[in-house]
Structures are given as C-alpha cells and as structure tokens.
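Here, each number is a calculation from the coordinates, and none is a lab measurement. Just so we're clear, the structure is a prediction, and the values are computed from it rather than from any experiment. Positions of Cβ are generated from backbone atoms using ideal geometry, with glycine treated the same way; all protein chains shown enter the neighbour counts.
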Amino acid sequence: MTASDAHRAIDAVWRIESARVIAGLARIVRDVGLAEELAQDALVAALEQWPAEGVPRNPGAWLMATGRRRAIDLIRREQNLRRKVEILGHELDPDGAAPEVEDPQEISDDLLRLVFVSCHPVLSTEARVALTLRLLGGLTTDEIARAFLASESTIAQRIVRAKKTLAKAEVPFEVPGRDELPARLSSVLEVVYLVFNEGYSATAGDDWLRPSLCNEALRLGRVLAGLAPAEPEVHGLVALMEIQASRSAARVGADGKPVLLLEQDRGRWDQLLIRRGLAALAKAEELGGAGGPYALQAAIAACHGRAREADDTDWGRIADLYKTLGEVMPSPIVELNRAVAVSMAEGPAAGLELVDALGAEPALKSYHLLPSVRGDFLAKLGRLPEARAEFEKAASLTRNERERTLLLERAEGCG
C-alpha cells in the first residue's frame, strides 16, 4: 500500500469512526476536550504506522485501543490514580492489542452521551453547532469554517471555548434523566436542524445550497433516531429533513439560480427520500408525536411530497397544519408561512391581510422573506409598483447572492 493510499484510507476511517472513538474515550476520562486530544493522538499514530504496516483488520478498534493506552499513560503520569489504571487496564490485552469484540450497546450509549454533551444548553447555539460538527461529524475546523463562511480562526476559537465551558461547568458525560430529557433533546434537535437549514437555504454567500451540510445533518438525524428510537420528535425531524432534501436537485437550475417550489420539476424530486421521510413521519405518529413541532412541519412537507403536480397540493390542509404549529410553537415566521398557504388556498388578498398584520413584528424587521412574500401577493393582485418596491427591499436585506439576483429579477418583472 502506498502512503497516499494509506492516507486516503485513514481519512475515510476517521470520518466513520472518530465520533465513537471520542465518545468511548470521553466515557473513560470524563472530559470531551481531553477525549478529542487522545483520539487525535491515536490518529497521528495511525498516520505513522499504517502506511508501513497496512490498515488493520478492525481500524476502529485499533484507534480505540490506541486512545485507551494514551488515556492510561496520561492517568499514570499526571493523575497517579492507581484505581482508575486498574479499571482501564483490564479492557486491553497485556500486549495492548485491539479488542476483538465491542459491545454495540455500549458504543450506542457512548455516542448518545456525546450528542447530549456537544449540544448542551450551557453552550451558545454557534458553539453547539461547531462542536457537534467537529466531534460527531468528524469535520475539520477548515471544513466547518468554509461551510459557514467564517474564518478558520473564528471556528477554532469557538470550539476551544466550547470545550473550556463544558469543563468549567463540569457537564457530566451522561444521558439526561427523565425530567431533563425533553429540554435537552430539544437542544440537540435544534442543532441538527440548524445545520440542515444552513445547507438547504444558505443565509449568505454565492451558493443557494450547501449539500454537504444537508447530508451531514441527515446523517446525524438518522444516527440519533437509531440511538433514541422511542422519541417521536427525533423521527419527526428526520422525516422533515428527508422530505425537504428530496427536492434538492430541483431547487437549482442549470445556471445555478434558485428555482421556486411551484416552478420545480417534480420529476427530479428524490422519491426514495420522500418514502423514507413518510416512513419516519408514520413512526413519529405511531409513537404519539403527531402534534410535535418537527412532526407537524414534516406533515406540511409531506403534503408537498405527495403532490405529483403543483396544482395537486392540498393548500387548505397546509394552512391548517401551520395554524396548529403556530399554537404549539408561536412564531411570526410560522405565521408568515401560514399566510402563504392561505393565499394559495383562498387567494392573495387573504394572504396579504395576514402579512400586513405581521408588519410591526420586531423579529421580522430585517427578515427578507417578509417583503418578498408581500411583493408576491401584491404582484398577483396587479399592484406592480408596490410589488417592485417590496422585492427591491427584500433584495437589500438578503445576504445570499443567488437570492438577491432572483429578487431583483422579480422586481424588474414588475415593470
């Protein structure tokens, strides 16, 4: 095996195994930052040894065993905790060989603990996102920085501060108890969906989509569904992401410009992802979670997914679902989306009435979709000068270049 072949193999193994290696080491040392350092040490050892010796039969176990040996050495050298050394020592053969078999349930438990630590509410939202992508996604600092259009130093500092915050707060490496679980799970799902949304509709930059972030969020959601199969909102979120991701190929034209929902070629929608999403939604409903925020949003997405043609969309049901969602999760953005559904079901005048009622909402003051939606309603009502002004306002507010171009073109179309 050439050195380049070995390095490609190591990179692939690290992408797959890094999260569970870090999770397993965190259970031992009870410190996420230290666990990542130990895992990185194991990675360096692989880079040194595998090109010459070949990739081991069980590379994940090799990395875990190497990291555990580093943990034992660290405890012996710095902490002098003989009891912990004895506890850890029996997990390895005397010659330090990798364990032949690992308990899948133990691995799952470790990963679930790592999910809850990475998304702990003691961290800021930005820190949770960066740390989750780093520890659970195996992304490099540079990759995270490029995905979020931030400098590498900014992301690196964010991750370092997050680890220090977790250590200072003495966040336990454990799954929250029954009383804490709903709030903590909400934080985890929020992080995964934030990652997905940034990939699905990039807030800034030259690209309308960032598929790598969508794919990473989907992977994390599917992993979480496997780790917490009895939690309906986990399946609701997976359903929502699967169905939304099914439209990705149709959301951008050959020239890279955004294609609006009603103008998309539905033959390009991924039917496998739609079926997976519908199955996940059915699972959420089966578990009694039909009224959860993510399940409700998934049910809305399902209305679009089931409609083979835009004219087949059940806009009345979508409007009703948004109304229910607004009661469960009050938000002016939910109301704005409901206005769109109402306009499709009852006409643009009905939608405009709802949008005008949102004009004073502080949260929507700089939200470009408010004037964009209002411009659409005004254009349909033939009030073109007003519509043009709204589209121009929306273009001035968005930070995404593709979206700005589209909005300015719509303004031009108003004459």
If r is the Cβ-Cβ distance from R8 to L261 and R0 is 35 Å, what FRET efficiency results, to the nearest 0.05? 0.35
In the chain, helical segments from DSSP H whose Cα atoms cover 27 Å or more along their own axis and that average at least -0.5 on the Kyte-Doolittle scale are 3-29, 32-53, 181-200
Neighbours of A295 by Cβ distance under 12 Å: Lys/Arg at +1, Asp/Glu at -1, summed charge -3
Label of the coordinate-derived value, Rg and Dmax of the Cα atoms in Å, listed as [x] 27.2, 95; [y] 24.4, 81; [z] 24.3, 94: [y]
Sorted from fewest to most neighbouring beta carbons within 10 Å, what does the list F173, F391, F196 look like? F173, F196, F391
Under 25 Å between alpha carbons: how many lysine pairs meet that in the chain, if sequence neighbours fewer than 8 apart on the same chain are excluded? 11
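Sort M344, M329, M64 so that the residue with the fewest other Cβ atoms within 10 Å of its own Cβ comes first and the one with the most comes last. Kindly include the intermediate steps, with their values, before the conclusion.
Numbers: M344 19, M329 14, M64 26.
Ranking M344, M329, M64 by Cβ neighbours within 10 Å, fewest first, gives M329, M344, M64.
To the nearest 0.05, what FRET efficiency results for E53 and T405 with a Förster distance of 41 Å applied to their C-beta separation? Don't skip to the end; give the middle numbers.
Working: r = 53 Å, r/R0 = 1.30.
In this case the efficiency is close to 0.15.
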Estimated dipole of the range 145-193 in Debye, rounded to 20 [Cβ of Lys and Arg +1, of Asp and Glu -1, Cα centre]: 260
Relative contact order (percent, whole number), the range 119-172, Cα cutoff 8 Å, 6+ residue spacing: 38
Computed for the range 307-415: size of charge dipole around the Cα centre, +1 on C-beta of each Lys and Arg, -1 on C-beta of each Asp and Glu, debye to nearest 20, value 320
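Would you mind classifying the range 182-288 by shape? Square roots of the alpha carbon gyration tensor eigenvalues, ordered a ≥ b ≥ c; an a/c under 1.5 is rounded, otherwise it is prolate if a/b is larger than b/c and oblate if not.
Values: a/c = 2.76, a/b = 1.58, b/c = 1.75.
In terms of gyration-tensor shape, oblate.
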Sequence of H235, H7 once ranked by neighbouring C-beta atoms within 10 Å, starting from the fewest: H7, H235
Spin-label pair L74/E361, simplified geometry with 7 Å Cα→Cβ offset, distance in nm: 4.6
Here the gain from full extension of Q271 to T154, 0.36 nm per residue of separation minus their alpha-carbon distance, amounts to 38.2 nm
